[in-house]
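Please treat every number below as a calculation from the coordinates, not as lab data. These figures come from a predicted structure and were not determined experimentally. Don't worry about glycine lacking a Cβ; one is built from the backbone with ideal geometry, like all the others, and counts go over all protein chains shown.
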Amino acid sequence: MPEEIVKYQRSTRVLHWIHTGAFLLLFVTGLIIFIPAFGPAAAGGVTRIIHRVAAVLFVAIPVLRFIMGPSSSLSGLLKAFVWDSGDVGWLKAAPRYYFLGDEKAMPAQGEMNSGQKLWWLITVVAWVVFTITGGIMWFGKETINPGALTTMVLLHDIMMAIIIPMIFVHIYLGIVHPLMTEAWNAIWRGTVTAEYAKKHHAKWYEEVKGK
Amino acid sequence: MADKAILFDATLCTACRGCQAACKQWNENDPYPADWGDRLDGDTPLAHNRGSYENPADLSPTTWVKMEFREYDTSGGMAWYFTRRACMHCTEAGCVSVCPSGALRHNADGFVSFDKTLCTGCGYCGEACPFEVPRYTRNIITGQSVMDKCTLCTSAGLNRLNEGLEPACVKSCPTDALVIGERDALVSEGRQRVSALQAQGYGNAYLYGEKELGGLHVMYVIPDKPEVLGLKSDPKVSGLVDAVNVMWPIGAGLGVAAILGLGLNYIVARANVNKEK
């Protein structure tokens, strides 16, 4: 039996998947308004209710995580904002690594590799932007001036335009890419093999083994 | 252009408000719903003095046209202008450009028609309209909302124009301050009336809507500057609306680029990762 290491604990995984479900509902109900050909499907306003219910979940999940563990949440959150030369090393090695499978040039990565950290940063920023712009669009509809409301729609759309390609990349790297063989298992069952950890997250593996 | 238009001549208007009544009656938009602060007799708001002849106080989902009374201090003494407020049926219509479901679109005559069954309640039309015309019924918690506005009497099931009838407001007008016809002909007519007004000493007389927003399909002959009659000079659809509209091709482009890029990555990576092994 290959040695298994816990990467994501149960609470992390549960919150991830609830958040994923909420995001997908938001994505689809938002896309219907965004893609002109699908607009008529939003007639009558049912998708507006679904969008709001999912929005409450989307906003609440990170808040819930924070309440469940304020200091671990804060330290996890701050990781999104620490960038150094190690990340530059990832960036330089990334084209050969992700296209040609050249693992030798890729420097040792932590629990989140630089790419995962970038996605983490984007999702943190997106949560703030969607919550603020969405909240104003929802509750400010009759009180905020038209120009400001249109600005909220614009910022909401810009954030969405960034998320669209990144969510495809996230799903692709998690499930499809030939090198990321255990990424799915990490977020579904919570574990990776020691061998995978050594290869993909060597710095993290050393920390875990050191305990 | 075979476009039609309404010409409203503010100098012929007596503010009888037959147009308001006719519009409500024809479009089944009565009774007038209560506003915040109204005292009620059952469901019906009691009349009260707002200090103005204007009634109702504002456009609403069931008030698609209303008259405004505007006092203006001119060099020749106090002027009391009457003017109409309703959808201007713009050629460059911000509402049409932002409507996600196509509920708002231009019809063959150039008017902005509205299919209420397609309304999603997003509210973008009201945000895009330079004249702040669209009005909504809305539940702020659930987001359920429906817009309504003047459809130039082309509402489904209540389409007067298809039957060769004038819009209700035009038909009701006792002084023919409101007329409907071919837009080009009404532009000429409007210009003639403006010249006549200028000859009478109304130096600021103007045909509003001839060129504004690509040409409005409700044009006004006005005796003074647009601001005096509560209209914007040089109305424009906000650049923010154009920015929102450009997000669709940008988002679609990024999505397609991502899918193509990832597809390419898969083809290349699959071949090379196996090679390494």
Review point. Counting alpha carbon pairs within less than 8 Å and at least 6 residues apart, what relative contact order, in whole percent, applies to chain B?
Key: 24 percent
Review point. Want the number for B:K116 to B:D73: 0.36 nm per residue separation, take away the alpha-carbon distance, what's left?
Key: 11.3 nm
Check your understanding: So what's the gap between the Cα centers of region B:104-131 and region A:1-61, to the nearest angstrom?
Key -> 30 Å
Check your understanding: Taking a 28 Å limit on the Cα-Cα distance, which of the listed pairs A:K141/B:K4; A:K7/A:K79; B:K66/B:K232; A:K79/A:K141 fall beyond it?
Key -> A:K141/B:K4; A:K79/A:K141
Revision key, fill the gap. Charge dipole of region B:4-229 built from unit charges on the beta carbon (Lys, Arg +1; Asp, Glu -1), centred at mean Cα; most positive-end Cα among B:V194, B:P100, B:A177 is B:P100
Check your understanding: List the cysteines of chain B that have no other Cys Cβ closer than 4.7 Å: which are they?
Key -> B:C13, B:C16, B:C23, B:C90, B:C99, B:C119, B:C122, B:C129, B:C153, B:C173
Exercise for review: Scan chain A and hand back the longest stretch that contains none of the GluC sites (Glu not before Pro) lying in DSSP loops with at most 15 other Cβ atoms within 10 Å.
Suggested key: A:4-102
Check your understanding: To the nearest 20 debye, what is the magnitude of the charge dipole of chain A about its Cα centre, counting +1 on the Cβ of each Lys and Arg and -1 on the Cβ of each Asp and Glu?
Key -> 240 debye
Point to revise | Cα centroid separation, region B:140-204 to region B:247-275 (Å) | key: 53 Å
Practice item. Write down Rg/Rh for region B:201-273, rounded to two decimals, with Rg from the C-alpha atoms and Rh from the Kirkwood relation over Cα pairs. Key: 1.52
Review point. Of B:G18, B:N139, B:C153, which is farthest on the positive side of the dipole of chain B, counting Cα position, with +1 on Lys and Arg Cβ, -1 on Asp and Glu Cβ, and the Cα centre as origin?
Key: B:N139
Review point. Got the relative contact order for region A:1-149 handy, in percent, Cα pairs under 8 Å and 6 or more residues apart?
Key: 16 percent
Review point. Which of the listed residues, A:V56, A:H156, B:A243, is farthest toward the dipole's positive end in the protein assembly as shown, when Lys, Arg count +1 and Asp, Glu count -1 at the beta-carbon?
Key: A:V56
Check your understanding: Where nothing but the Cβ of Lys and Arg (+1) and of Asp and Glu (-1) is charged, how large is the charge dipole of region B:101-213 around its Cα centre, in debye to the nearest 20?
Key -> 240 debye
Practice item. For region B:153-247, just say rounded, prolate or oblate: build the C-alpha gyration tensor, square-root its eigenvalues into a ≥ b ≥ c, call rounded for a/c under 1.5, and beyond that prolate if a/b exceeds b/c, oblate if not. Key: oblate
Check your understanding: Using a simple spin-label model with points 7 Å from Cα along the Cα→Cβ vector, what separation in nm is obtained for A:F139 and A:V124?
Key -> 2.5 nm
Check your understanding: In region B:1-93, which trypsin sites (Lys or Arg not before Pro) fall in coil by DSSP and have 16 or fewer other Cβ atoms within 10 Å?
Key -> B:R39, B:R50
Check your understanding: If you place +1 on the Cβ of every Lys and Arg and -1 on the Cβ of every Asp and Glu, how big does the dipole about the Cα centre of the protein assembly as shown come out, in debye to the nearest 20?
Key -> 1900 debye
**Study point:** Inter-label distance for A:W83 and A:M166, nm, one decimal - labels placed 7 Å from Cα along Cα-to-Cβ
**Key:** 1.1 nm
Check your understanding: Could you put A:L31, A:L91 in order, starting from the residue whose Cβ has the fewest other Cβ atoms within 10 Å?
Key -> A:L91, A:L31
